[in-house]
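Any read-out appearing in this document is the output of simple, stated calculations on the displayed coordinates, not a laboratory observation. Remember, predicted model here, so these are calculated numbers, not experimental data. Glycine gets a Cβ as well: all are built from the backbone with ideal geometry, and neighbour counts include every protein chain shown.
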Amino acid sequence: MTTVITGIGAATPNGLGTEAFWKATLTGTNGVRELTGFDTSAYPSRLAGQIVDYDAKTHLPSRLLPQTDVSTRYALTAAAWALADAGVDENTLPDYDMGTVTSNALGGFAFTHQEFNKLWSKGSEFVSVYESFAWFYAVNTGQISIRHKLRGPSAALVGEQAGGLDAVGHARRTVERGTKLVVSGGVDSAFDPWGWASQLAGGRVTTATDPEAAYLPFDERAAGYVPGEGGAILVAEDAASARERGAPRIYGEIAGYASTFDPKPGTGREPGLRRAAELALADAGLAPADIDVVFADAAGLPELDRIEADALRAVFGPRGVPVTAPKALTGRMYAGGGPADLASALLSIRDGVIPASGFTERVPDAYGIDLVTGEPRTRPVSAALVLARGRWGFNSAVVVTRHTDH
Amino acid sequence: MTRRVVITGVGVRAPGGNGTKAFWDLLSAGRTATRSISFFDASPFRSRIAGEVDFDAAAEGFGPREIRRMDRATQFAVACTREAVADSGLDLSALDPHRIGVSLGSAVASATSLENEYLVMSDAGKQWEVDPGYLSPHMFDYLSPGVMPAEVAWEVGAEGPVTMVSDGCTSGLDSVGYAVQLIREGTVDTVVAGAADTPISPIVVACFDAIKATTTRNDDPAHASRPFDGTRNGFVLAEGAAMFVLEEYEAAKKRGAHIYAEVGGYATRCNAHHMTGLRKDGREMAEAIRVSLDEARLDGTKIDYINAHGSGTKQNDRHETAAFKRSLGQHAYDVPVSSIKSMVGHSLGAIGSVEIAASLLAIEHNVVPPTANLHTPDPECDLDYVPLTAREQRVDTVLTVGSGFGGFQSAMILHRPEVAAA
């Protein structure tokens with residue numbers, strides 16, 4: 001059985017809508033900017049990949065606005081775009097044949113911050129009737145399923161930045177178990193003051209102040225990441241069913257997926273990223289030489305960049321494959337990061353072009369990777385490997401390939 | 001040849017019952033463990049009852065650093081993991097770590113720690129723009145709960161797939177269902193799976209107050225959780241956790257493991273109807289039951305016991321009663337159905353796993369746990385809900401179901417391995 005992607009909806013700091021996102025990704029349009037919305041002067045980090053031109057009222061019915069966090073609004077908007085792109089409405093397939101599997105790492109955090117504030121400053125009777133479901137990690141799956149009448153299997157997975165690829169992997173598993181279509185992907189946002197402060201805990205966020213020299217994955221100047229918001233929603237579908245219903249387009253196949261977890265810190269064993277990549281390749285039935293581009297996790301911290309470079313060299317050999325990190329232009333979108341990279345990978349296959357890695361310029365020779373920097377690289381792309389890591393040790397890998405009628 | 005999946009180890013932390021034995025003693029005696037909230041001053045709240053767990057982290061073996069680092073729900077998950085692994089007799093250190101996975105369910109994850117940190121950073125809610133000077137180094141762990149399955153993975157040395165399944169109140173069923181799929185497809189051979197939630201904090205109490213989902217029977221906390229009773233008026237919030245060791249059947253048999261049950265079938269459907277509301281006809285839950293039976297290759301009449309979601313809200317009790325009738329026909333009237341939430345309350349994302357534990361112990365002991373506090377049946381709920389007293393009977397096959405915010409409807413078939421072999 002083959003699972004294909006037939007629809008993409010992206011909502012990211014550098015582009016709302018799939019083609020806007022892709023154009024921004026290829027032209028190097030930066031979505032990283034000074035965080036607005038509250039006074040950040042007391043914070044050591046003030047740059048974020050922030051969506052600034054989104055007006056919820058133009059995208060969603062007004063009844064959904066009081067009950068949704070901004071992250072859920074992005075998710076609902078991206079899902080509607082993805083389903084429209086796929087030419088799917090609620091009557092396209094029989095009941096129970098369409099499901100929803102998304103990832104979420106932060107929940108409806110800005111919304112819940114408001115409700116915490118109301119509870120503690122005013123009293124419990126001021127807490128919103130929507131708080132019980134606007135906050136939890138399943139909110140996007142639930143709201144997307146309701147809006148589009150998706151009654152098949154549904155789930156919400158959490159694995160920090162790796163979770164978005166896990167959702168797509170589980171969507172494929174769900175298709176293979178018999179559900180014809182699964183809406184998948186992930187979206188996150190937490191740019192309220194409390195959410196922002198919380199993202200800084202652990203010290204991985206850059207304190208840089210120049211948006212063009214802030215998130216520099218694999219650069220010798222790398223000194224942390226920039227948090228982002230948004231993500232992408234994809235429509236995963238059984239290839240035969242997609243053909244049968246006359247899907248307007250097939251972006252590519254989800255050919256392989258794997259996830260691993262790093263050894264407990266201190267054991268000295270090798271991190272799990274290389275194994276995730278190898279297992280995803282094996283799952284796809286491909287050799288490293290078959291891969292035309294790797295969309296890297298691109299942590300933007302020297303230690304983690306080195307670990308990823310080591311894994312890439314181990315799998316592909318020194319400078320063995322073009323590697324790119326367009327997420328440098330959006331910041332790390334947590335559950336949204338992997339699905340947005342999958343969108344880029346599928347569009348690279350469509351257009352035969354590999355986007356560049358933001359503002360990264362100087363990659364240490366010791367990394368031994370062929371990072372696409374500066375300008376996009378034009379070349380045919382038939383297969384791409386997308387990697388994502390989540391804090392604490394999550395590693396996930398997805399292989400997407402050009403769709404061929406078997 | 002489809003790989004079969006069995007459960008060989010169980011660990012439970014539940015109100016009134018820490019550890020599998022105490023938990024089963026409570027259930028089989030029909031005792032209740034719901035009480036007035038003691039964790040904080042609940043007097044401003046509409047519902048002031050909860051199923052609290054008497055959990056002593058130091059006595060559980062957690063050191064001071066672990067206690068500070070781990071949210072209470074994470075501590076529950078790790079404590080249950082230790083119990084489940086010991087119970088399984090499996091030497092995890094002798095296995096290939098790459099072939100071990102973790103699947104942990106939770107609905108609200110680190111809610112308790114989030115609220116504690118919020119109070120510090122906002123000066124008890126006085127400041128909207130929190131003070132980053134009071135930021136805890138562990139705050140990211142509470143913001144994004146991937147750390148919960150990570151802690152379990154570190155505990156057992158797992159390096160295969162590790163994930164959190166957060167499907168609201170079906171999380172604890174779906175996390176085990178996810179684990180079953182990982183073993184069946186051959187990705188791993190062993191998964192430590194289960195769920196934990198510790199939501200007894202003001203913000204979560206306020207969430208359910210706001211929608212009047214929880215009971216106001218504040219003057220009678222021990223008898224406040226009344227699923228299927230005509231006098232019920234909402235669920236009782238609780239905390240809890242259960243973790244399991246799941247193994248590929250042939251491997252478990254080969255090592256002579258004690259097998260609680262095989263997970264014969266699992267399915268989930270979504271009602272796509274309302275974030276908190278249920279339709280009366282129970283059709284999506286019925287569909288999940290039908291598909292899980294198909295997967296287990298069992299006829300509905302083989303079900304000896306239904307472990308119900310039975311939350312004690314009117315809409316739930318009627319919804320699932322309809323679902324049982326719709327999926328099982330006449331057998332719905334013949335099979336005993338009970339809700340352990342009557343005794344331990346509703347621990348949100350954890351309860352699905354706590355109810356799997358109860359189902360496994362029902363099979364183990366050939367005893368159906370009762371629905372406590374059921375004195376005046378709701379006339380619209382006309383099945384055999386096993387009121388008040390446990391029932392001794394042969395239990396080979398159990399259906400356990402869950403229903404949750406977001407529209408999730410899940411069903412799982414647990415049975416003795418011989419049932420499938422026969």
key: Efficiency of FRET from Cβ geometry, B:Thr301 and B:Gln127, R₀ 45 Å, rounded to 0.05   = 0.15
message = Translational diffusion coefficient of segment B:31-189 at 10 °C, 1.306 mPa s, Stokes-Einstein with Kirkwood Rh over Cα pairs, in µm²/s as a whole number.
response = 89 µm²/s
key: For segment A:51-175, the fraction of alpha-carbon pairs in successive 5 Å shells from zero, as %   = 2, 11, 18, 21, 20, 15, 8, 3, 2, 0
task = Scan around A:Ser103 for amide H atoms under 5 Å from its own, H built in the peptide plane at 1.01 Å from N, and keep only partners 5 or more places away or cross-chain.
result = A:Leu157, A:Gly185, A:Gly186, A:Val187
note = One would report the antiparallel percent of DSSP beta bridges in the protein assembly as shown, rounded to the nearest 5, as 65 percent
key: Simple spin-label estimate for B:His273 and A:Arg379 in nanometres, 7 Å along Cα-Cβ   = 5.4 nm
ask   = Of B:Ser347, A:Ala110, A:Phe316, which is farthest along the charge dipole of the protein assembly as shown in the positive direction, counting Lys and Arg as +1 and Asp and Glu as -1 at C-beta?
value = B:Ser347
note = A student applying the Cα gyration tensor rule (rounded when a/c is under 1.5; otherwise prolate if a/b is larger than b/c, oblate if not) would label segment A:321-406 oblate
remark   = A student applying the Cα gyration tensor rule (rounded when a/c is under 1.5; otherwise prolate if a/b is larger than b/c, oblate if not) would label segment A:256-401 rounded
remark   = Here FRET efficiency (C-beta to C-beta, A:Arg177 to B:Arg255, R₀ 35 Å, nearest 0.05) is 0.75
query = Just going by the charge dipole of the protein assembly as shown, with Lys and Arg at +1 and Asp and Glu at -1 on Cβ, which of B:Phe45, B:Asn18, B:Ala288 is farthest out on the positive end?
reply = B:Ala288
Kyte-Doolittle mean at least -0.5, axial Cα span of 15 Å or more - DSSP H helices of chain A = A:70-85, A:109-121, A:163-176, A:273-284, A:302-316, A:337-351
ask   = How large is Rg/Rh for chain A, to two decimals, with Cα atoms and a Kirkwood Rh?
value = 0.95
key: Within-12-Å neighbourhood charge of B:Arg255 [Cβ basis; K, R +1; D, E -1]   = -3
inquiry  = As an exercise, use a Förster radius of 56 Å and the Cβ-Cβ distance of B:Lys280 and A:Thr207 to find the FRET efficiency, rounded to the nearest 0.05.
reply    = 0.50
message = Of B:His365, B:Cys80, B:Leu278, which is farthest towards the positive pole of chain B's charge dipole, taken about the Cα centre with +1 and -1 on the beta-carbons of Lys, Arg and Asp, Glu respectively?
response = B:Leu278
note = Expected vector for segment B:214-222, Karplus 3J(HN,Hα) from phi with 6.51, -1.76, 1.60 and θ = phi - 60°, integer Hz, x for Gly and Pro, equals 9, 6, 10, 6, 5, 7, 9, x, 5
inquiry  = Can you compute the charge dipole magnitude of chain A about its Cα centre, using +1 on each Lys and Arg Cβ and -1 on each Asp and Glu Cβ, nothing else charged? Give it in debye, rounded to the nearest 20.
reply    = 340 debye
query = How are the C-alpha pair distances of segment B:1-118 spread across 10 Å bins, as whole percents from the shortest bin up?
reply = 10, 33, 36, 15, 5, 1
key: Cα centre as origin, Lys/Arg/Asp/Glu Cβ charges: the protein assembly as shown dipole, Debye   = 800 debye
remark   = With N residues in chain B, Rg(alpha-carbon) / (2.2 N^0.38 Å) equals 0.92
task = Output the antiparallel fraction of DSSP beta bridges having both residues in segment A:256-401, as a percent to the nearest 5.
result = 70 percent
query = Hey, can you rank B:53-59, A:165-171 by average C-beta count inside 10 Å, highest first?
reply = A:165-171, B:53-59
query = Does segment A:3-245 come out rounded, prolate or oblate, given a ≥ b ≥ c as the square roots of the eigenvalues of its C-alpha gyration tensor, rounded meaning a/c under 1.5 and, failing that, prolate meaning a/b above b/c?
reply = oblate
inquiry  = Rounded to two decimal places and with Rh computed the Kirkwood way over Cα pairs, what is Rg over Rh for segment A:252-300?
reply    = 1.03
request  = Output the pairs from A:Lys118/B:Lys314; A:Lys57/B:Lys325; A:Lys149/B:Lys325; A:Lys149/B:Lys302; A:Lys122/B:Lys212 with a Cα-Cα distance over 31 Å in this structure; if there are none, say none.
outcome  = A:Lys57/B:Lys325; A:Lys149/B:Lys302
Expected 222 nm ellipticity per residue - DSSP helices of 4 or more, -39500 (n - 2.57), all of the protein assembly as shown, to 500 = -9500 deg cm²/dmol
Alpha-carbon centroids, segment A:22-93 and segment B:358-393: separation in whole Å = 48 Å
Spin-label pair A:Glu220/A:Leu65, simplified geometry with 7 Å Cα→Cβ offset, distance in nm = 5.2 nm
ask   = Computed over the Cα atoms of the protein assembly as shown, what is the ratio Rg over Rh, Rh following Kirkwood?
value = 0.95
ask   = Going by how many other Cβ atoms sit within 10 Å of their own, how do B:Val162, A:Val127, A:Val32, B:Val120 line up, fewest first?
value = B:Val120, A:Val127, A:Val32, B:Val162
